[in-house]
Amino acid sequence: MIKITKAGYHGILLPELSIGLDYSGNDADYIFISHAHADHMPRNRKLTVYATPPTAELMRRRGFSGEIIKMSFGEPLETGQARITLYPAGHILGSAMTFVESELGSVLYTGDYRTPPSPTSEGFQLPDAKVDQFITEATFSLPIYKWKSHEELKMEVHKFASDSLADGYTPIFLAYNLGKAQEIMHMLRGMNHPIQIHGAGYKLCDVYETFGFDLGNYEAYDRATCEGKILIAPSSAPETGFASNVKKVRTAYCSGWASSEARMAQMTVDALIPLSDHLDFFELLDVCEQLQPEKVWITHTPNPDVVQYFLNKKGIDSGFLDLEATDQD
């Protein structure tokens, strides 16, 4: 089997194949980046890496200055020691799972992923070939995390926006600047109501448009003109005075963590919408059962014990790779 090592608190190295996965070191000849969220981009911003075309463009917008060699989904790269193929991960635009095949065996690394996929992603697809080792995130690693359907969540987003506007309030959706914000905009595009998005998210939106995703009638946040618009900002924005000049606002927190009612009191919001760009606990178990790998490696979770318990009951061996998990959902 291929040797897998975690690289400090960031990234994975396959040393026998000189392959890095979301890796920041200089000792890998081939480094593959799953997507453009900060906790998966290299901390060394000048490395040479491989990524999908949308991820490459989003990384550029977020300050990466190294060489990015673009790889399309399903078009393998041969290194002499291994064959590497990217598959759509369903997490955000450009997100990719990395499938490594070699004489030593095969590894599928998910990065972050979502199935059913985000409507503002390229979909979700697993390899047809045998996966010996499966490296999976488990951000939502407890059975309390079971998501509603996309259509139900879209209705909640629409209802919150339309009810707030009808009552004379400015609706604010708190959502991460990359991925979640654009998904909410895509949901709301049919309302044709003006949307203003926080500047850090605004600079990423045209990448989505370039790759075919309609985000509706939007512009960058402007404090002077934001009242009466639909506003989208990260959860930290209210602490910095975002829309503080607007007297009548209603705020919805959009995240998988919104499954916990305690979040409403913690964040002083009016609504919790459990919209995640990660898969839920049961979907994670389903993917593992579908793949039937020889070993599942669990990452990006504060506590893998419950996932491991349920995998053990299904006869699937597992272990824990302690990588950084961030609260970006």
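Residues in the range 173-228 that are at negative phi and outside any helix (DSSP H, G or I): 27 in all. Selection within the range 288-303: residues that are under 17 Å from the mean Cα position of the chain (by Cα) and outside any loop (DSSP other than H, G, I, E, B). The member of this set that is surrounded by the most Cβ atoms within 10 Å (Cβ to Cβ) is ILE298. Put simply, of GLY66, GLY74 the only residue that is out of contact with any Asp or Glu (no Cβ under 8 Å at 6 or more places or on another chain), under 23 Å from LYS130 (Cβ atoms) and either assigned by TED's automatic domain parsing to the domain that holds GLU209 or not charged (D, E, K, R) (or both) is GLY74. State which residue is surrounded by the most Cβ atoms within 10 Å (Cβ to Cβ) when the search covers only the range 25-34 and only residues that are among the hydrophobic types (A, V, I, L, M, F, W, C) and assigned to a loop (DSSP other than H, G, I, E, B). For the range 25-34, the residue satisfying everything is ILE33.
Taken together, the residues in the range 185-212 that are closer than 26 Å to ARG60 by Cβ and surrounded by 20 or more Cβ atoms within 10 Å (Cβ to Cβ) amount to 10. Taken over the range 163-219, residues that are touching a residue at least 12 places away in the same chain (Cβ under 8 Å) and closer than 23 Å to ALA36 by Cβ amount to 38.
Only one of GLY111, GLY105 is in contact (Cβ under 8 Å) with a residue 60 or more places away in the chain, under 18 Å from ILE12 (Cα atoms), over 12 Å from the mean Cα position of the chain (by Cα) and outside the structural domain of GLY179 (by TED's automatic domain parsing); which?
That would be GLY105, the only listed residue that is in contact (Cβ under 8 Å) with a residue 60 or more places away in the chain, under 18 Å from ILE12 (Cα atoms), over 12 Å from the mean Cα position of the chain (by Cα) and outside the structural domain of GLY179 (by TED's automatic domain parsing).
Condition check ((1) in contact with a helix residue (DSSP H, G or I) (Cβ under 7 Å, 6 or more places away or on another chain); (2) buried (at least 22 other Cβ atoms within 10 Å of the Cβ); (3) part of a loop (DSSP other than H, G, I, E, B); (4) not charged (D, E, K, R)) across all residues:
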site	(1), (2), (3), (4)
GLU16	no, no, no, no
TYR23	no, yes, yes, yes
ALA36	yes, yes, yes, yes
HIS40	no, yes, yes, yes
ARG60	no, no, no, no
SER65	no, no, yes, yes
GLY74	no, no, yes, yes
ARG83	no, no, no, no
LEU86	no, yes, no, yes
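Hey, does the range 165-172 have a residue that's buried (at least 22 other Cβ atoms within 10 Å of the Cβ) and either in contact with a Gly (Cβ under 6 Å, 6 or more places away or on another chain) or at pLDDT 95 or above (or both)? Yes, some residue in the range 165-172 is buried (at least 22 other Cβ atoms within 10 Å of the Cβ) and either in contact with a Gly (Cβ under 6 Å, 6 or more places away or on another chain) or at pLDDT 95 or above (or both).
The values are calculated or read from the model by the stated rules, or taken from the named source; none is laboratory data. Bear in mind the structure is a predicted one, so any value in this text is a computation, not a measurement. Neighbour counts are summed over all protein chains in view; Cβ atoms, including those assigned to glycine, are modelled from backbone coordinates with ideal geometry.
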